[in-house]
1. Just name the residue that is nearest to residue 90 (Cα to Cα) out of those in the stretch 39-57 that are in a loop (DSSP other than H, G, I, E, B) and among the hydrophobic types (A, V, I, L, M, F, W, C).
2. Residue 76: at pLDDT 95 or above and either β-branched (Val, Ile, Thr) or in contact with a Pro (Cβ under 7 Å, 6 or more places away or on another chain) (or both), yes or no?
3. Is there any pair linking a residue in the stretch 99-117 that is without any contact (Cβ under 8 Å) to a residue 24 or more places away in the chain to one that is part of a strand (DSSP E or B) and of a type in the set (S, T, N, Q), with Cβ under 9 Å and at least six apart or on different chains, and which?
4. Can you confirm whether residue 115 is modelled with pLDDT under 95, within 12 Å of the ligand (Cβ to nearest atom) and farther than 13 Å from residue 143 by Cα?
5. Can you give me the number of residues within the stretch 118-129 that are in a strand (DSSP E or B) and surrounded by 14 or more Cβ atoms within 10 Å (Cβ to Cβ)?
6. Conditions: (1) within 11 Å of the ligand (Cβ to nearest atom); (2) loosely packed, with under 15 Cβ neighbours inside 10 Å; (3) touching a residue at least 60 places away in the same chain (Cβ under 8 Å). Residue 89 meets all but one. Number of the miss?
7. Among the listed residues 141, 103, 145, which satisfies the condition of being within 16 Å of the ligand (Cβ to nearest atom), at pLDDT 95 or above and of a type in the set (Val, Ile, Thr)?
8. I'm trying to understand the selection: among the residues of the stretch 58-79, which are part of a strand (DSSP E or B) and either over 19 Å from the mean Cα position of the chain (by Cα) or among the aromatic types (Phe, Trp, Tyr) (or both)?
Amino acid sequence: MKLNTIFATTALVLSLGSIANAEEIKIGDLTIEHPAIRATVPNAKVAGGFMIIKNTGTKADRLIGGNAAFSGKVEIHKMGVTDGIMKMRKLGDGLEIPAGGSVQLKPGSFHIMFMKLKEQMKAGEKRKAIVEFKNAGKVEVEFEVETIAATIKHGKMGKMDHSKMKKMKMQSD
Ligand SMILES: [Cu+2]
């Protein structure tokens, strides 16, 4: 009887978990949440990629790059203000995802830079890309193409859970 109860509880937790985490991607100790690419105008050459990366492991990892059919070159960038000017630079050594921590890639900060774009990124569509970590390796990620406003909105809600996020998104839409 006791064992049955444990199994039933576990099954319930697992099924709830898989619903709540439908948009999560796991690779090793890393979890990727809400991968998004910023929508572009026609003939744009670059697009930013954003996501939240959590590391539940005991060792730091690094986001080092990736590749995608729609992009000729993928780099990890940091945007920031230098001498009063907003600039972005390539992180040649990648972006550290600290052990037991998380990093948010968001507009105005860290991002995946999809360069040499071969097609327009249209809001509402999805794009697949490979994201590569130094230790965890490569993983295919499906990105939602979003307008900048939607991406920023999600960025601010990064600490909330996904069920709330979805509700709020539907309400504002
Ligand atoms: Cu960039």
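The values are calculated or read from the model by the stated rules, or taken from the named source; none is laboratory data. Everything numeric in this text was worked out from a predicted model, so none of it was measured. Don't worry about glycine lacking a Cβ; one is built from the backbone with ideal geometry, like all the others, and counts go over all protein chains shown.
1. 46
2. yes
3. Taking only residues 6 or more apart or on different chains, not a single pair turns up.
4. no
5. Final tally of qualifying residues: 2.
6. (3)
7. 103
8. Listed by number, the list holds a single entry, 72.
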